[in-house]
Amino acid sequence: MAGGLSLYQEGASLLHRAHPLTKGVFTLSVIALAFIVPSLYWILAIALILLILVIVAGVLRRLIAVALALLLPIAVLLLAVQGFANPANHTVLFAIGPVVYYTEGLYIAAIAALRITCLVVATFLFSFTTRPADITEALMQRGLSPAMGYVVQSALQIIPQTLDMAGRIQDAQRSRGLETEGSLPKRARAYLPLMLPLVLSSLVATQERAMALEVRGFGLPVKRVRRYEFADSAVQRVTRWALALAVPAAIVARLLGWK
Amino acid sequence: MSEPAVVFEDVGYAYEEAPHEAVSDINLRIEAGEWVGVTGPTNAGKSTLCLLAMGLAPHFFGGKLRGKVTVLGTESRAIKVIERSTDVGLLFQNPFTQISGARERVHEEVAFGPECHGVAPAEIEARVGEAMDLVGISALAARHPLDLSGGQLQRLALASLLAMRPKVLLLDEPTSQLDPAGTAAIFEVLSGLHQSGITIVMVEHRLETLCELCPRIVAMVTGRILADGAPQEVFNREVVQERVGLPVYTRLARSAALPAPRPVRLSESAKAFRTPIA
């Protein structure tokens, strides 16, 4: 059976121990800043900070695998399209016969690729070091309703659960002779006998789970208990505020002509 | 005499839009601390009996309820299911849907119910540890609930229920997904709970198990109670033997033409077969 939709990797690094809200604010701010700052050097600085944190968190190897699979094709595509065909291109970097590659295109592609890299690395760094349950728990401790917290937490688990159920239904239908492989029309036809039981099973499971939640007292009008407190500190609070303020400050600076 | 745990008075219940009642003319009084086994063929109304005791029928399912279902002194119409969950626990047949679907660790799943009831954190920790120890899942505490096998999930569902410390336990086939060793372990836990004074109503198909464990059996057929009493009394009735079945020891004794009352438990069976047949 599939687990939840969590990418969390057990660890005891500084990032693992940081307050979930600090990590959340850091991630959002870093992504925003990567797209706001004007020059390649600033984006490189952000990427360097992210790389140091990735090493500190001990998730470098896992991140490289993700980066190669996700970022490499994007980077190659950007470098090719921008270097050869950007309308601003005029300084020739090199030429192979009639094919000319331009410096401006390379610069623009490098900026775009680095921004996307920052976005992906920051997101995965957050996912690798933060359990989804901790994010919702931290938000509930800051006033998010338990019902909304439950919705968020269960939403993160429902995709693998549904995929697991679909897999079992598919296996059952295959064992009764349904062909689920082959040409596209054949596969499309095979979806109908899979979808109906999947939808029905999901509805039944939802009804049963709703009952189970009532039986366990979900929704009782009692003061919600905090099972654990996340370690927080003045340094983390200041960091959160500083990061949150850095974003509007960068926007204002750009509007005022920061280049 | 103390207040009974569960009382059904002339109860009939039909699910919404159902053409006929799922259970009819149910009169049942279960005293506090009793362990009652409920058995019968498919569509006998066993699960509906549990849903009525919990209050899910009619509160959750709608439908039409006749008569009165009273649990721990409160009539089911007068109390919501979430309020009843303070004292009464129901274990469903399907453990997969019993889990909250929102927790990433087994121990967090066990804590879900007590958290909903506002139990103090230290008390929750104690209850969670105790419940996981009881059903033998302490080693799985850090696993994701969805990574567990069917049997492990069933243990988790039971632990989650026990952590809520109910006074009345309604168990709908609590060991349906467990292997023989797991089943024996769970029944040992239930024996301990019974001895501590908890009322248990357990739906079960394995008649030998029921006879060994439950001092009282309720046999149901097509929504009605066919027999209610001690195991030997219930399974020595011809009508129960025909419509519900009979434990293997009773069947052996019948094949050997032993005189009634025939044995229903292993110990009685050994004794009966040693007795020369007149």
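The values are calculated or read from the model by the stated rules, or taken from the named source; none is laboratory data. Computed from a predicted structure; not experimentally measured. A quick note on method: Cβ atoms are made from the backbone with ideal geometry, for glycine too, and the neighbour counts reach across all protein chains shown. Just the protein is used for accessible areas: all its heavy atoms, side chains included, with ligands, DNA and RNA removed. Shrake-Rupley method; radii C 1.70, N 1.55, O 1.52, S 1.80 Å.
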Of (1) under 23 Å from B:I26 (Cβ atoms); (2) open to solvent by 10 Å² or more (accessible area, probe 1.4 Å); (3) touching a residue at least 24 places away in the same chain (Cβ under 8 Å), B:F235 satisfies every one except (2)
Quick one: count up the residues across segment B:164-177 that are farther than 22 Å from B:V6 by Cα and crowded, with 20+ Cβ neighbours inside 10 Å.
-> 2
Only one of these is assigned to a helix (DSSP H, G or I) and in contact with a helix residue (DSSP H, G or I) (Cβ under 7 Å, 6 or more places away or on another chain): A:I64, A:I74, A:I52. Name it.
-> A:I74
Return the total of residues in segment B:199-213 being hydrophobic (A, V, I, L, M, F, W, C), modelled with pLDDT under 95 and open to solvent by less than 30 Å² (accessible area, probe 1.4 Å).
-> 3
Looking only at residues in segment B:139-158 that are open to solvent by 50 Å² or more (accessible area, probe 1.4 Å) and more than 13 Å from B:D179 (Cβ to Cβ), which one is farthest from the other protein chains (Cβ to nearest Cβ)?
-> B:A139
B:Y13 vs (1) open to solvent by 50 Å² or more (accessible area, probe 1.4 Å); (2) more than 19 Å from the chain's Cα centre (by Cα): all pass except (1)
Working only within segment B:97-106, note down all residues that are surrounded by fewer than 24 Cβ atoms within 10 Å (Cβ to Cβ), over 13 Å from A:Y150 (Cα atoms) and either in contact (Cβ under 8 Å) with a residue 24 or more places away in the chain or touching a Phe, Trp or Tyr at 6+ places or on another chain (Cβ under 7 Å) (or both).
-> B:R105
Failed item, numbered, when B:F112 is tested on (1) more than 25 Å from B:L52 (Cβ to Cβ); (2) over 21 Å from the mean Cα position of the chain (by Cα) = (1)
Go over the candidates B:E188, B:E208, B:E238 one by one and state the one that is closer than 22 Å to B:L49 by Cα and among the acidic types (D, E).
-> B:E208
Only residues that are within 14 Å of chain A (Cβ to nearest Cβ), open to solvent by 30 Å² or more (accessible area, probe 1.4 Å) and touching a Leu at 6+ places or on another chain (Cβ under 8 Å): list them for segment B:62-85, please.
-> B:E83
Residue that is least open to solvent (accessible area, probe 1.4 Å) [pool: residues in segment A:237-259 that are more than 30 Å from A:L14 (Cα to Cα) and part of a helix (DSSP H, G or I)] | A:A253
Filter segment A:210-236 for residues that are among the small types (G, A, S) and surrounded by fewer than 16 Cβ atoms within 10 Å (Cβ to Cβ); the one that is nearest to the other protein chains (Cβ to nearest Cβ) is A:A210
Top-ranked residue of segment A:195-225 - restricted to ones that are part of a loop (DSSP other than H, G, I, E, B) and touching a helix residue (DSSP H, G or I) at 6+ places or on another chain (Cβ under 6 Å), ranked as farthest from B:R103 (Cα to Cα) = A:L220
Selection count, segment B:202-234, where residues are under 14 Å from the mean Cα position of the chain (by Cα) and assigned to a loop (DSSP other than H, G, I, E, B) = 5
Among residues of segment B:4-20, those that are out of contact with any Ser or Thr (no Cβ under 9 Å at 6 or more places or on another chain) and part of a loop (DSSP other than H, G, I, E, B), counted = 5
Total residues in segment B:27-69, condition in a loop (DSSP other than H, G, I, E, B) and aromatic (F, W, Y) = 2
Going through segment A:94-125 one residue at a time, which ones are loosely packed, with under 14 Cβ neighbours inside 10 Å and in contact with a strand residue (DSSP E or B) (Cβ under 6 Å, 6 or more places away or on another chain)?
-> A:F94
Please list, ordered by first then second residue, the pairs with beta carbon atoms under 8 Å, 6 or more apart or interchain, first in segment A:138-167 and at the interface with chain B (Cβ under 9 Å from one of its Cβ atoms), second polar (S, T, N, Q) and open to solvent by 30 Å² or more (accessible area, probe 1.4 Å).
-> A:L156/A:S6
Does B:L161 satisfy being more than 14 Å from chain A (Cβ to nearest Cβ), outside any loop (DSSP other than H, G, I, E, B) and open to solvent by less than 10 Å² (accessible area, probe 1.4 Å)?
-> no
Keeping to segment A:126-136, report how many residues are open to solvent by less than 10 Å² (accessible area, probe 1.4 Å) and away from every other protein chain (no Cβ under 14 Å).
-> 2
Look through B:A111, B:A131, B:A120 and report the one residue that is away from chain A (no Cβ under 12 Å), out of contact with any Pro (no Cβ under 7 Å at 6 or more places or on another chain) and over 23 Å from A:Q207 (Cβ atoms).
-> B:A131
